[in-house]
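Presented below is the structure to which this report refers.
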Amino acid sequence: MDARLETVAEMIRADVHVDVGSDHAKLLRALLRRSRIRRGIAIENKLQPFENSRRALGRFAAEVRFGDGLAVLGVQEANSLSICGMGAGSMLKILDAHPDRLPGHVVLQPNRQADLVRTWALRAGFHLVEERVVAGHWPYEVMSFESVAATESATSALDPAYVGLDLDAALAFGPMILRRREPTLLKRLREERTYWHRFTSLSIAARKRLSLIDQVLG
């Protein structure tokens, strides 16, 4: 597996794990081989990836289901879920379609707009427990979330990961990544700031983004 999926695998240890959009099922095979999960479920909504996953998982304690996201997963059937390599918008459609079927542990790797995923977690009652930036075709952000306890309202208290940070900046760049002052993030933000300063006129969204960058870089 590439560094991106290796990072995802390191965040998963469960009895039953479901991977939505697994394609060649590299992640599930690695998790099963390393005994990080007991059983795997791959879910695909396109025929060719479905067949790819079936061939890849034929000799493993896993099954492949054809369907639309969590529609083919039972309530409390899995302990852990991963969705990797999609845009954040597509991920949120899957996550919001069947909230009652979400396991307590969710690992997400959006290709773009990780801030939308973090915002979803706050809204849905999932706390961030780990996040990392992984080098690849572009910097990938891998995030691990745990469901808030049933006795605690998702709106009753802010996720501890965000306490003491500017919320907009933390959602945009990642609260744990910001706290670690990761060099890769700082380098990327300096480059982006240089890019925005080339323009004499910026949209409202671009000005807000630049303001957050200036705030982080200080």
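Once the Cα atoms are used to define both axes, helix 88-97 deviates from the longest principal axis of the chain by about 50 degrees. Panel values: the range 158-216, Kirkwood radius from alpha carbon pairs, Stokes-Einstein at 20 °C and 1.002 mPa s, translational diffusion coefficient 176 µm²/s. Mean residue ellipticity, 222 nm, helices only, the chain: the sum of -39500 (n - 2.57) across DSSP H runs of n ≥ 4, divided by residue count and rounded to 500, is -12000 deg cm²/dmol. Sorting the segments 40-52, 190-202, 109-121 by their mean number of nearby beta carbons within 10 angstrom, highest to lowest, gives 109-121, 40-52, 190-202.
Accessible area per residue was computed with a 1.4 Å probe on protein heavy atoms; His98 scores about 50 Å². By a 1.4 Å probe calculation restricted to protein chains, Ile94 has an accessible surface near 20 Å², given to the nearest 10. Of Arg13, Arg59, Arg33, the residue with the greatest mean-square motion in the GNM of the chain, using alpha carbon springs below 10 Å, is Arg59. Using a Cα-Cα cut-off of under 26 Å, which lysines could be cross-linked to Lys46, ignoring same-chain neighbours fewer than 8 residues away? Filter leaves Lys26, Lys93.
If you place +1 on the Cβ of every Lys and Arg, -1 on the Cβ of every Asp and Glu, and leave all else neutral, what size is the dipole of the chain about its Cα centre, to the nearest 20 Debye? Could you put the intermediate results ahead of the total?
Numbers: 31 positive and 26 negative charges, 135 e Å.
The calculation lands at about 640 debye.
Using a probe radius of 1.4 angstrom, the carbon and sulfur fraction of the accessible surface of the chain is 51%.
Using the Cα atoms of the range 105-146 to build a convex hull, what is its mean projected area in square nanometres?
Values: hull surface 10.4 nm².
So the mean shadow area of the Cα hull is 2.6 nm².
Quick one: if you take sqrt(5λ) for each eigenvalue of the C-alpha gyration tensor of the chain, what semi-axes come out, biggest first, whole angstrom? If you can, show how the numbers build up before the last one.
Details: eigenvalues 210, 78, 48 Å².
They are 32, 20, 16 Å, listed from largest to smallest.
When all alpha carbon pairs of the range 27-127 are counted in 10 Å bins from zero, the resulting P(r) reads 14, 46, 34, 5 %. Just the number, please: Stokes-Einstein D of the range 113-216 in µm²/s, Kirkwood Rh from C-alpha pairs, 20 °C, 1.002 mPa s. It comes out at roughly 144 µm²/s. Taking a point 7 Å out from the Cα of Ala205 in the direction of its Cβ, the residues of the range 84-111 whose backbone N falls within less than 16 Å of it are 87-90.
Could you provide, to the nearest whole Å², the per residue accessible area of the chain with probe 1.4 Å? Provide the component values of the computation, followed by the final result.
Numbers: 11070 Å² over 218 residues.
Using a 1.4 Å probe on heavy atoms only, each residue of the chain averages 51 Å².
Against the chain, whose longest principal axis comes from its Cα atoms, helix 47-56 is set at around 70 degrees.
In vacuum, with every alpha carbon of the range 5-75 counted as one equal point scatterer, what does the Debye formula give for log10 I(q)/I(0) at q = 0.13, 0.17, 0.19 Å⁻¹? Two decimals, please. Log-scaled intensity ratios, in q order: -0.31, -0.53, -0.67.
The values are calculated or read from the model by the stated rules, or taken from the named source; none is laboratory data. Remember, predicted model here, so these are calculated numbers, not experimental data. Every residue, glycine among them, receives a Cβ derived from its backbone with ideal geometry; neighbour counts consider all protein chains shown. Heads up: the accessible areas ignore ligands, DNA and RNA and are worked out on the full protein's heavy atoms, side chains in. Shrake-Rupley method; radii C 1.70, N 1.55, O 1.52, S 1.80 Å.
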